[in-house]
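No lab work stands behind these numbers, since they all come straight from the coordinates. From a predicted model like this one, the values you see are computed outputs, not experimental measurements. A quick note on method: Cβ atoms are made from the backbone with ideal geometry, for glycine too, and the neighbour counts reach across all protein chains shown.
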Amino acid sequence: MSLLEIADLKVYYFGREGIVRAVDGVSLELKPGSSLGVLGESGCGKSTLGLSILGLVPDPGKIVDGKILFEGNDIVGMSGEELRSIRGSRMSMVFQQPMTSLNPVLTVQDQIAEALIAHKDMPKAEALQHAVELMKTVGIPDAGDKARQYPHQLSGGMQQRVVIAMALACNPSIVIADEPTSALDVTVQAQILGLMKTMRKEYNLSLFLISHNLGVLVELSDEIAVMYAGQIVEIGPTHLMLKQPAHPYTSALMRSTITLSSVRGRLSPVEGMPPNLACLPEGCRFYPRCSDARPLCSQNNPALEIFGERHWVRCFHAH
Amino acid sequence: MTVLGFLRDRASQSIRLIGHNKVALTGTIIIVGILLMILLADVIAPYDPEKQFTRLVPPCSEYLLGTDRLGRDVTSRLIYGGRASLMVAVVSVTIAMAVGVPIGLISGYFGKTLDNVLMRIMDVIFSLPALLLAITIVAILGPGLLNAAVAVGVSYVPRFARITRGPVMSVKERPYVEAARAIGASSRRIVFKYVLPNASSPIIIQTTLALSSAILAEAAISYLGLGVQPPTPSWGSMLNEAKLYLFIAPWLSISPGIAIVFTVLGLNLLGDGLRDVFDPRLRRRL
C-alpha cells in the first residue's frame, strides 16, 4: 500500500486577478520509505502542492477537487482537529528559511519540545530533555548549551538542523521538505543533505522533497517529478530522468544546470517565462517556450502518458 | 519542575536581566522610589495632608515645599497625592489592557467579519475625545476615584485594541507561525506563545504612555470635581489649584509638576527597558 497517494488534485487561488490554478490535476504516489523529488521553477505550484498535503493551503487558496490519501485517509475532507493530530506527529515539514521559521522569542529547546507536548502529552521537563537528545541526533555540537539559546544565536546551518529536529520529534512517517537547503551556503547545503540522508535511513522516512535545484533532488530522491504551470510534465525514476529526459522542458532544465562531469562551455537557459497561472495558454502549457513545438501542441494539452517503466511524460512527441 | 518553581526561575531571570540593562534599571529605581514614598506615606510625611497652617508660605526649613492657599503642607500633600494619581493610572490602564489587548488579538488573528465588527465598535469609541468620554462615564457612574479610573480605562480600550491588532496581523503571516501549524500546535498555543510575544513591543510602549496620560486625565477629571473629592489630595488636583497662584506662589505648581514628570519619565524608561529585556534579539549577552 502506498503511504501517500494524491489523485487528480486541484488547488486554486481565488484572487482578485481571477482564478490562479496553482495545482491543476496532479497525481502522485509515494511508497513507505521512498522519496520523491518535485522539480520546478518558482511559481509552478510546487510549494502549494507541499502545503496542501499538510492541509495548510493559505488563503485565498482552496482544494477544489481531488484526493490526498495519507495512510489510507483522505486529508481533503478532514476537520481542523483531525488534521492537527496528524501534523507534526505522522507528517511534518521542513521549511526553506530556517531563521524565519523559528519563533525568535522561544529557546530552540522549547520549540523542539512543542511537538512532543502537543502530540505525546509528554510532561514539559521530559519533553525538554528529549529535545536535547534530538539535537544530538541531528548533529548539533554542545547540544546541552545550544538548547537554551535563541534561534538568532545559532548559525544558518545549526538553525536548519533545529528545524529538522523539530520535524523528526514525533517519529513521522513522512517529511515534506520545501527547498530545505536553498537559503544555506553551499558547504552547509552539503552537510544538511548528508544529514537528511542519514535521518531518512535511521527513521525509515518517506521524503517529499521540493526544490528548484536538480542537484539536491538527485542526491536525495528515488523518483523525480517535474512540474510546469501547475501540472506534472514528467515523472520517473531519478537515474532514468537524468539519462534520458523525455519531455523537452526536462531536457531544457538539464541543459541549464552546471555539472562537474560535463564540460560544455556555455549553459543554455530555458528561454521565456513560465505562463501566468491565472490565464494559461491554450494547448500544451509549455508550447510557447518549447524548441520542439508543432502545430498540434498549440491546440491540445497532452495527457500524462506512460513512456517507459514507471516513467510518464506529458508530451505528444516525447523521445 | 513545579509551576511555582518555574515562575520563580522566570522572575529571578527577569530581575537579573533588568539589572544588566541601564535604561530598565534607572526606570525601575525611579518607580520603586515613588512606590515606596507612597506606601510609606504615613511614616515619611511630615504633617497631616489636610491640617492647615499659615497660608502660602514659600519653601523653608519648616515646610520643605511651602504651604498652599489653605495653609496645608505641600510636601505631605505631594506624598499622599501620589496614591490617588497612581491608583487611577494603574487601575485604568489595567482595565484598558485587559479589554483592549484580547479584542486586538482576536480581531487581528481571526480577521474577516469579526475584525470588521470589532474595529468599527472601537472606531466609534475612538471618535469621541477620550477625556469627554471619561467625563460622561463618571457623570453616569457618579463621582469618585474608582469610577474615574474605570472611566479613563474604558476610554483607553480602543488604543490597546488598535496597537495590538496591527502587529498581530503582521506576525500571524510569519513563517514560524505556519511552522507552528505544521507541527500541529493548537490555535490557542499559537496565539499565546507565537503571536502575542512577538507582537508585544508596541503594547509595552503603549502601556507606559497610557499610564502617563492617565495621570494627566485624572488631573482633569478631579479638576472638574468628578474624581478625587477635596480635601483628599492628588497630583492633578494640586496642579489645578496651583494654577490660580502661578505668579504669587509658583512653588505650588512646580512640585506636583516635577512629581508627574518624574513618574512619567520613570515609566517610559521602564517601558523601553522592559521591551529590550523581553526581546531576546535586543538582549545583550550576559
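Restricting the search to helices (runs of 4 or more DSSP H) fully inside the stretch A:109-173 and requiring at least 2 residues that are within 18 Å of B:A182 (Cα to Cα) and within 12 Å of chain B (Cβ to nearest Cβ) gives A:156-168. Kindly evaluate B:Y156 against the criterion of being touching a Lys or Arg at 6+ places or on another chain (Cβ under 7 Å), among the aromatic types (F, W, Y) and surrounded by 15 or more Cβ atoms within 10 Å (Cβ to Cβ). So B:Y156 fails the test. Selection of helices (runs of 4 or more DSSP H) fully inside the stretch B:109-199 by the criterion of at least 2 residues being within 14 Å of chain A (Cβ to nearest Cβ) returns B:112-127, B:145-171, B:175-182. Residues that are touching a residue at least 24 places away in the same chain (Cβ under 8 Å), surrounded by fewer than 20 Cβ atoms within 10 Å (Cβ to Cβ) and assigned to a helix (DSSP H, G or I) within the stretch A:176-198 comprise A:V188, A:Q191, A:L193, A:L195, listed in sequence order. Residues B:G184, B:G104, B:G108, B:G166: which one is in contact with a strand residue (DSSP E or B) (Cβ under 8 Å, 6 or more places away or on another chain) and either within 30 Å of A:G80 (Cα to Cα) or buried (at least 23 other Cβ atoms within 10 Å of the Cβ) (or both)? One residue alone meets the criteria, B:G184. Checking every residue in the stretch B:246-253 against the condition of being surrounded by fewer than 20 Cβ atoms within 10 Å (Cβ to Cβ), away from chain A (no Cβ under 14 Å), of a type in the set (S, T, Y) and touching a residue at least 60 places away in the same chain (Cβ under 8 Å) gives zero matches. Take B:R281 and tell me if it is within 14 Å of another protein chain (Cβ to nearest Cβ), more than 27 Å from B:G144 (Cβ to Cβ) and either in contact with a His (Cβ under 6 Å, 6 or more places away or on another chain) or not in a helix (DSSP H, G or I) (or both). Taking the combined requirement at face value, the residue satisfies it.
One residue alone among A:G88, A:G77, A:G50, A:G55 is out of contact with any strand residue (DSSP E or B) (no Cβ under 7 Å at 6 or more places or on another chain) and either within 21 Å of A:Y203 (Cβ to Cβ) or within 7 Å of chain B (Cβ to nearest Cβ) (or both), and that residue is A:G88. In this structure, is B:A98 touching a helix residue (DSSP H, G or I) at 6+ places or on another chain (Cβ under 8 Å), hydrophobic (A, V, I, L, M, F, W, C) and part of a helix (DSSP H, G or I)? In short, no. Listed by position, the strands (runs of 3 or more DSSP E) contained in the stretch A:219-319 that have at least 2 residues being touching a helix residue (DSSP H, G or I) at 6+ places or on another chain (Cβ under 8 Å) are A:223-228, A:231-237.
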